[in-house]
Amino acid sequence: MRRINGSVIASLALVVTVGALAFPVWSYADRSGTAQANMAAGTVSTQWGPLTAADRDLIIRVRLAGLWELPAAEQAMQRSKSAKVKEAADHLIVGHKDLDQRVRAVAEQLNVELPNQPNAQQQGFLQQMSNATDDQYDRVWANLLRSAHGKIFPAIGTVRNMTENTLVRQLASDTNQTVLDHITMLEKTGQVDFDAIANGTI
């Protein structure tokens, strides 16, 4: 009788242990859409394909770009006396308004939380533009924006190449076209210091 009781107790203990180990896996199995999962998980499953940390990073960076480049472009329309700078600014306004609508739609579908204000570095860029004297303004404006566009360009290509998520792939394609257009228009202003950009001093 003692052997039977011992076996029953041992079996029950084993079931309880396995259940305790399995519970966390089961209880979090369908929480891929939560903010915690977005922050902690490397990759989460979505109906559009896996969403990686790099995918989420691009979505956030696209949103951040619009948050400072749109006001920068609007400022240039007011301050610059150059027709070429104003033409570039117009391209930035149109491009970022469209891209911001796209990125917010994608973020909502993929449950990615977006920032609502530029980061500290971007706020610093805007301050530099505001502080520039009239004779410096066009050069400061064009170089800060051209440098920023050049830095995100490779990241867009990498995500476009690697992502398995169809929404992110389309966003990367749209962003790539917009950024290339902006780079081209900024360079047409004649204000870009290519040596400084190549040396990383901007």
key: Residue list for region 107-124, restricted to those being open to solvent by 40 Å² or more (accessible area, probe 1.4 Å) and more than 27 Å from T166 (Cβ to Cβ)   = Q117, N119, A120, Q121, Q123
inquiry  = If a residue must be open to solvent by less than 40 Å² (accessible area, probe 1.4 Å) and farther than 15 Å from T178 by Cα, how many such residues does region 72-103 contain?
reply    = 5
ask   = Of the residues that make up region 26-43, is at least one open to solvent by 40 Å² or more (accessible area, probe 1.4 Å) and modelled with pLDDT of 50 or more?
value = yes
remark   = Residues in region 58-71 that are under 13 Å from the mean Cα position of the chain (by Cα) and open to solvent by 30 Å² or more (accessible area, probe 1.4 Å) total 3
query = Failed condition for N143, given (1) touching an Asp or Glu at 6+ places or on another chain (Cβ under 6 Å); (2) within 30 Å of N165 (Cα to Cα), with all others met?
reply = (2)
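Here's the yes/no breakdown for (1) modelled with pLDDT under 95; (2) outside the structural domain of P50 (by TED's automatic domain parsing); (3) under 12 Å from E69 (Cβ atoms); (4) not hydroxyl-bearing (S, T, Y):
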site: N111; (1), (2), (3), (4): no, no, no, yes
site: P115; (1), (2), (3), (4): no, no, no, yes
site: A120; (1), (2), (3), (4): no, no, no, yes
site: Q123; (1), (2), (3), (4): no, no, no, yes
site: Q127; (1), (2), (3), (4): no, no, no, yes
site: D138; (1), (2), (3), (4): no, no, no, yes
site: L144; (1), (2), (3), (4): no, no, yes, yes
site: A148; (1), (2), (3), (4): no, no, yes, yes
site: K151; (1), (2), (3), (4): yes, no, no, yes
remark   = Considering residues that are surrounded by 15 or more Cβ atoms within 10 Å (Cβ to Cβ) and part of a helix (DSSP H, G or I), the number found within region 164-186 is 16
query = Has region 123-144 got at least one residue that is in contact (Cβ under 8 Å) with a residue 40 or more places away in the chain, within 20 Å of K84 (Cβ to Cβ) and under 15 Å from the mean Cα position of the chain (by Cα)?
reply = no
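The values are calculated or read from the model by the stated rules, or taken from the named source; none is laboratory data. Note that the coordinates shown come from a computational prediction; the quantities given were computed from them, not determined experimentally. Heads up, the Cβs are rebuilt from the backbone with ideal geometry, glycines too, and the neighbour counts pull from every protein chain shown. We work out accessible area using only protein heavy atoms, side chains counted, and drop any ligands, DNA or RNA first. Shrake-Rupley method; radii C 1.70, N 1.55, O 1.52, S 1.80 Å.
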